[in-house]
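Quick notes on the structure that follows.
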Amino acid sequence: MTVRLLAAGFSTRHIAASARRAGYGMVAVDHFCDLDLAGEVEACIRFETLEELPSLAALASQEYGVDGFLAGSGAETLALPVPLLGTPPATAARFLDKGETQSFFETLGVRAPRRLASGIYPAMAKPVHGSGGWRNAVIESDAGLAAWTSLFPDQPFVLQEVVAGVPASVSCIADGRRAVAVATNRQLLRGGTEMGYGFAGSVTPCDHPLAGEMAAIAEEIAGASGCIGTVGVDFVLPDGGEPVAIELNPRFQGTLETVEAATGENLVRLHLDACGGRLPGARPKPCRYAARRILFADRDLVVGSDLSSLVPIAADIPRPGSEIPAGSAVVSVRAAGPTERDALILLDKHITAVRTYMERW
């Protein structure tokens with residue numbers, strides 16, 4: 001009898017696809033319910049706001065008789081009538097708080113950005129809660145801080161030193177006491193003046209002189225965190241010095257696809273093994289370079305055609321007729337190659353091909 005799992009979170013297509021490849025039946029509760037997600041699951045229940053997620057996930061878990069659930073972004077602390085397969089909600093809640101995460105790094109003696117008091121600039125401003133990095137901003141003055149806080153009223157925030165370098169991350173598998181780094185990743189950010197620090201994709205593995213040291217630090221962090229299953233640790237890799245730990249993500253990460261494509265590993269299978277106390281015996285060796293880039297709408301648009309024919313170079317396929325506001329994610333584009341350069345050249349070609357469709361909308 002096939003075990004049926006629920007993937008819950010803001011975007012779950014990558015989780016559901018990995019779980020299907022691992023042999024599980026899947027149900028999803030997701031904000032998008034994209035066409036290719038629908039093809040991976042027995043049922044997809046869409047929510048509009050995160051406030052709707054707990055009740056819809058609870059109903060889905062009962063209606064479809066799932067055996068457990070996997071948490072994506074926004075679902076890390078859900079309490080459902082079926083077992084959570086992963087990090088306990090109380091532990092996850094700790095690391096969803098950026099102030100608590102920084103205190104944890106400091107306790108371990110891991111280098112992290114210094115906290116700054118108001119009035120010291122430049123400063124990186126971040127909401128205490130929230131993922132994806134799209135609300136983070138470099139602030140240069142009191143007036144700039146006032147303008148930024150007006151965009152997110154009544155939300156607590158932290159101010160940190162600005163650390164220049166390459167954005168990167170490590171995907172780990174942990175059993176609550178120990179952790180193994182599965183892959184290092186270079187993170188692709190949106191860039192530009194608005195939402196410039198938002199996550200926009202990844203390249204796996206990360207070719208940087210500090211990548212090995214970063215992986216070792218991430219294993220220490222993830223092992224000490226008490227997290228179980230897949231854990232992501234974000235870093236900045238400066239030109240000199242040591243890796244700077246930025247955040248810890250106690251859930252499946254957006255880098256899942258490039259990690260699996262580069263290593264040949266199945267992250268859901270590794271995640272569930274870790275839930276049973278089994279970790280990989282060694283760090284997997286990448287066999288290729290894999291890249292993924294999220295394309296965002298440059299204007300308000302209505303999806304005018306079905307992009308399903310572009311799979312596998314495209315993913316997160318929006319439904320025709322969907323209204324997508326300017327600045328929102330439209331589709332992901334993927335590529336792989338024997339070197340990072342080859343993968344990125346092919347990624348650019350695939351992006352050009354996908355954009356030719358988007359420009360007609």
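The values are calculated or read from the model by the stated rules, or taken from the named source; none is laboratory data. Predicted model, so just to flag it, every value in this text is computed and none were measured. Ideal geometry is used to build each Cβ from the backbone, glycine not excepted, and the neighbour counts take in all protein chains shown. Heads up: the accessible areas ignore ligands, DNA and RNA and are worked out on the full protein's heavy atoms, side chains in. Shrake-Rupley method; radii C 1.70, N 1.55, O 1.52, S 1.80 Å.
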key: Pick from the range 118-158, criterion among the aliphatic types (A, V, I, L, M) and assigned to a strand (DSSP E or B), ranking: surrounded by the fewest Cβ atoms within 10 Å (Cβ to Cβ)   = Val138
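Give the residue, chosen from Ser118, Ser103, that is at pLDDT below 95 and within 30 Å of Pro238 (Cβ to Cβ).
Residue meeting the stated conditions: Ser118.
Output the residues belonging to the range 242-259 that are part of a helix (DSSP H, G or I), open to solvent by less than 20 Å² (accessible area, probe 1.4 Å) and not β-branched (Val, Ile, Thr).
Leu256
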ask   = When only residues in the range 231-270 that are β-branched (Val, Ile, Thr) and touching a Lys or Arg at 6+ places or on another chain (Cβ under 7 Å) count, which is nearest to Val110 (Cα to Cα)?
value = Val244
key: Filter pass, Glu63 being loosely packed, with under 14 Cβ neighbours inside 10 Å and of a type in the set (Asp, Glu)   = yes
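Go through the range 209-235 and count every residue that is outside any helix (DSSP H, G or I), β-branched (Val, Ile, Thr) and over 16 Å from the mean Cα position of the chain (by Cα).
Adding up the residues that qualify gives 1.
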ask   = Which condition breaks for Tyr197 when tested against (1) closer than 20 Å to Thr101 by Cα; (2) under 18 Å from the mean Cα position of the chain (by Cα); (3) not in a loop (DSSP other than H, G, I, E, B)?
value = (3)
key: Cross-chain or 6+ apart pairs with Cβ under 9 Å, the range 289-311 first and under 23 Å from Leu344 (Cβ atoms) and modelled with pLDDT under 95, then assigned to a loop (DSSP other than H, G, I, E, B) and open to solvent by 50 Å² or more (accessible area, probe 1.4 Å)   = Asp298/Ala326
note = Those residues of the range 188-213 which are open to solvent by 40 Å² or more (accessible area, probe 1.4 Å) and either within 23 Å of Cys287 (Cβ to Cβ) or without any contact (Cβ under 8 Å) to a residue 40 or more places away in the chain (or both) amount to Gly192, Thr193, Asp207, His208, Pro209, Gly212, Glu213
ask   = What are the residue pairs meeting all of these: first residue in the range 163-187, first residue more than 17 Å from Phe199 (Cβ to Cβ) and touching a residue at least 40 places away in the same chain (Cβ under 8 Å), second residue among the β-branched types (Val, Ile, Thr) and assigned to a loop (DSSP other than H, G, I, E, B), Cβ atoms under 9 Å, and 6 or more apart or on different chains?
value = Ala174/Thr87; Gly176/Thr87
task = Taking only the range 159-179 into account, find how many residues are open to solvent by 20 Å² or more (accessible area, probe 1.4 Å), over 14 Å from Val138 (Cβ atoms) and touching a Lys or Arg at 6+ places or on another chain (Cβ under 8 Å).
result = 2
task = Return the residue satisfying two criteria in turn: it lies in the range 3-44 and is under 20 Å from the mean Cα position of the chain (by Cα) and among the charged types (D, E, K, R), and of such residues it is surrounded by the fewest Cβ atoms within 10 Å (Cβ to Cβ).
result = Arg21
task = Out of Gly337, Gly264, report the one residue that is open to solvent by 50 Å² or more (accessible area, probe 1.4 Å) and either modelled with pLDDT of 95 or more or on the phi < 0 side of the Ramachandran plot (or both).
result = Gly264
task = Can you give me the number of residues within the range 286-321 that are open to solvent by less than 40 Å² (accessible area, probe 1.4 Å), over 21 Å from the mean Cα position of the chain (by Cα) and either over 15 Å from Thr352 (Cα atoms) or among the aromatic types (Phe, Trp, Tyr) (or both)?
result = 3
request  = For the range 125-148, name all the residues that are touching a Pro at 6+ places or on another chain (Cβ under 7 Å) and of a type in the set (A, V, I, L, M, F, W, C).
outcome  = Val128, Val138, Ile139
task = Kindly indicate the residue of the range 91-115 that is free of Cβ contacts under 8 Å to residues at least 12 places away in the same chain and among the small types (Gly, Ala, Ser) and also surrounded by the fewest Cβ atoms within 10 Å (Cβ to Cβ) among those meeting that condition.
result = Gly109
